[in-house]
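Shown next, in structure tokens, is the structure this report addresses.
The values are calculated or read from the model by the stated rules, or taken from the named source; none is laboratory data. Note that the coordinates shown come from a computational prediction; the quantities given were computed from them, not determined experimentally. Please note: Cβ atoms are built from the backbone with ideal geometry, for glycine as well, and neighbour counts cover all protein chains shown. Side chains are part of the model used for accessible areas, which takes the heavy atoms of the whole protein and leaves out ligands, DNA and RNA. Shrake-Rupley method; radii C 1.70, N 1.55, O 1.52, S 1.80 Å.
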Amino acid sequence: MNICDLAVGTEAILEGFSTDSPFTRRLQEMGLIPGTIIRLIRKSPFKGPIEIAFGYTRMALRPYSEDKIYVTELLNK
Amino acid sequence: MHETTAFVGTPNSGKSTLFNVLTGMRQKVGNFPGVTLEPALGEIGNKPNSNTVLDLPGIYSLDPISPDEELASSVLYGTNPHIPKPSRILFIMDATSIEKGLFLYSQISNLGIPIIIAVTMVDSVKAQGGVFDDIALERILNVPIIPVVGHKGIGLEEVQRMIADATYFIIPDPLFATADIKERILWARATTKEVLSLPQLNAFSTTLDKVLLHPIGGIAIFLSVMVLFFQSIFSWASPLMDLIETLFGNMQEQVAYLLPQGIIADFISRGLIAGVGSVIVFLPQILLLNIIIVILEDCGYLARAAFLVDRFMGIFGLQGRSFIPLLGSFACAIPGIMSARIIPSHRERMATMLIAPLMTCSARLPVYTLLISAFIPTTLIWGFFSLQAAVLAGLYIIAALVGLFIALIMKKTVFKGDITPFLIEFPPYRMPSLKSLLVTVYDRSKDFLTSAGTVIVTLSIILWFLSAFPRVDFPPETSTIVQQQMQLEQSYAGSLGKVIEPLFAPLGFDWKLTIGIIGSFAAREVFVTVMGQLYATDTSLGDESLRQILYNSIPLASALSVLAFYVFALQCISTMAILKRETGSWKWPAFAFAYTFVLAYMFAFATYRITLALIS
């Protein structure tokens, strides 16, 4: 599933990206590599940016673009 | 150039705070990714030219995605045409987000430049109940490590001592010359586990975010912060601005009193003192705006504010970060445009700076107040809402909406390109460093006074010349006011007004209004003074009589047309000067002047015609 389809508060494992773009490369350089466990902290209304946390990092991103971020939800953490 | 030490680190690593505290000069820090847009130079130590240090913009990797990152990596690779490759690196890592620091270090280690590492925020690790093992990290990397706490001064002397001595710097073992991102991150992650144990995320930040980023509560707080911001810049700066104006007014009177009346006294008082005064008068707003913005940045709120408004700004092709410069421009476009440096994407930064002059700045207020009070009746709408206030609010709203719409057009044409995805790291909330704040505000103000100030003073003197020459021989017994009126009417500026009059005639402006427009090219508020001189009243006695005279001598349609013109026209030399400095070319201020002029002309023409049609 795409990262923005996650429910707020759920954890997921990062599978990969739909594209190889400067944006997705930057996400990886910041530590978002496949296999990383992320947590969706909050969404903003009207398809605005989302906030995610992983490791000691918290970041906001606008994920509604060509660059899809695929994740698998972790059911019981 | 002699040997330099470059400060290199990730955004929010405390790099610029350390730089400011060590050098105490030219630099900008922010708890906000991407604020350091140009590298700052500084000196450390007492001997001049002993240790030159260079603060590069914060980067996540050596593969840049924005112009500021491009600058940092080109300097480090030695390919920058202006800045030579540094001979040494002080690498700065934030202990609380050391994985990103280690990733960047793994790339930097391949440059072959001798390095020492300063690790910041070690106090935050302790405060969160964690442990950071600098000895273990030193053993793993084989490079000297110094733990520092910039704002508390811990470790600073050691850094200073080591920077002074090249022998402390060690060329690091190159890590993964060809490895891909994933391999480097996995190494950084494994190394982090060995040197850092941090049991919890910053609990304070997490809790505060629940409130400050709440979909309803967070927006309400954001709007309150903005109202406060807006209000404080007007109400706190205006007494100081009045004081400065009074001081310069007194100086002019002193000159008139001390020197014999004539061209020299006139030059000193109306050319030189007025010119310098028109620069200094902006200083309170610039100081205040910068203090507030730096505090909001350094404490970490600005990154959150960008998150909150990103969606709304997205409608107009801008992003969350564009909001602060635009908001600041309601006070004055000069500090507003300067603060556009917080936008990393070149296209969005340019679009934001170019529409900043359309936000209604405080210099338009004297013009609005004069014309609205003279021409708009004091009636109430629905019994309670003042028509005058409604017109004033309408002028603000129309200008802002047209500005955002222009941004949208520019993003679809001149600054067309792929959408830069919005991505921003949330730093933990932090107490801003007072010393760093003072250094930043001092530098920005000095910057404004030296670079914009010179242009403003020069152009003010040129305008004085145009209105003071050729000299007019007054018949004896003419009063000072009539003399001023005759002088202005027959000066180059006056002749120019009459020559240009046909251009503005379709807007309903006569030659007097045209001179008002030309005279206020340097600064909008000059319009009031020029009107006062042309209609031969003493403006210093209060503008009650001026209002009455204007009401009797200017048709309503022309007055409304002038108002519409001021809503859009970029009649401000200071803004042009700062746009030139921030964009690096006169092309962009010329473009901004041209498009706002076209808008002003169109709207003024429409207002004039529609009012005429309605009246008849």
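Scanning the range B:133-142 for residues that are in contact (Cβ under 8 Å) with a residue 40 or more places away in the chain and out of contact with any Ser or Thr (no Cβ under 8 Å at 6 or more places or on another chain) yields B:Asp133, B:Asp134, B:Ala136.
A single member of A:Ile33, A:Ile50 is at pLDDT 90 or above and within 7 Å of another protein chain (Cβ to nearest Cβ), and it is A:Ile33. If you go through the range B:103-151 and keep only what is out of contact with any Leu (no Cβ under 7 Å at 6 or more places or on another chain), among the small types (Gly, Ala, Ser) and open to solvent by less than 30 Å² (accessible area, probe 1.4 Å), you end up with just B:Ala136. Taken over the range B:176-205, the criterion of being at the interface with chain A (Cβ under 9 Å from one of its Cβ atoms), open to solvent by less than 50 Å² (accessible area, probe 1.4 Å) and modelled with pLDDT under 90 is satisfied by B:Leu198, B:Asn202, B:Ser205. Mind listing whichever residues of the range B:56-101 are free of Cβ contacts under 8 Å to residues at least 60 places away in the same chain, out of contact with any Leu (no Cβ under 9 Å at 6 or more places or on another chain) and open to solvent by 40 Å² or more (accessible area, probe 1.4 Å)? Matches in the range B:56-101: B:Asp63, B:Ile65, B:Glu70, B:Thr79, B:Pro81, B:His82. Here's a check for you: in the range B:305-323, which residue that is surrounded by fewer than 24 Cβ atoms within 10 Å (Cβ to Cβ) and not aliphatic (A, V, I, L, M) is nearest to the other protein chains (Cβ to nearest Cβ)? Within the range B:305-323, the match that is nearest to the other protein chains (Cβ to nearest Cβ) is B:Arg311. When the range A:10-27 is filtered for residues that are at the interface with another protein chain (Cβ under 9 Å from one of its Cβ atoms) and more than 11 Å from the chain's Cα centre (by Cα), the ones remaining, listed by number, are A:Ser21, A:Pro22, A:Phe23, A:Arg25, A:Arg26. Is it the case that the range A:21-44 has a residue that's within 30 Å of B:Tyr105 (Cβ to Cβ), of a type in the set (Gly, Ala, Ser), surrounded by fewer than 17 Cβ atoms within 10 Å (Cβ to Cβ) and in contact with an Asp or Glu (Cβ under 8 Å, 6 or more places away or on another chain)? Checking the range A:21-44: at least one residue is within 30 Å of B:Tyr105 (Cβ to Cβ), of a type in the set (Gly, Ala, Ser), surrounded by fewer than 17 Cβ atoms within 10 Å (Cβ to Cβ) and in contact with an Asp or Glu (Cβ under 8 Å, 6 or more places away or on another chain).
Give me the pairs, please: first residue somewhere in the range B:153-175 and farther than 16 Å from B:Phe19 by Cβ, second residue anywhere and of a type in the set (Asp, Glu) and modelled with pLDDT under 85, beta-carbon distance under 8 Å, and either six or more positions apart or on two chains. Once the first residue is farther than 16 Å from B:Phe19 by Cβ and sits in the range B:153-175, its partners that are of a type in the set (Asp, Glu) and modelled with pLDDT under 85 give B:Ala166/B:Glu3. Here is a check on your reading of the model: is A:Leu61 aliphatic (A, V, I, L, M) and facing chain B (nearest Cβ under 7 Å)? Here the answer is yes, as A:Leu61 does meet what is asked. For the range B:492-522, the set of residues classified as in contact with a Ser or Thr (Cβ under 6 Å, 6 or more places away or on another chain) and free of Cβ contacts under 8 Å to residues at least 24 places away in the same chain consists of B:Gly497, B:Ile500, B:Glu501, B:Phe504, listed by residue number. Among residues of the range B:272-285 that are under 20 Å from B:Gln571 (Cβ atoms), those with a beta-carbon under 8 Å from a residue that is acidic (Asp, Glu) and at pLDDT 75 or above at least six positions away or on a different chain give the pairs B:Gly277/B:Glu245; B:Val281/B:Glu245.
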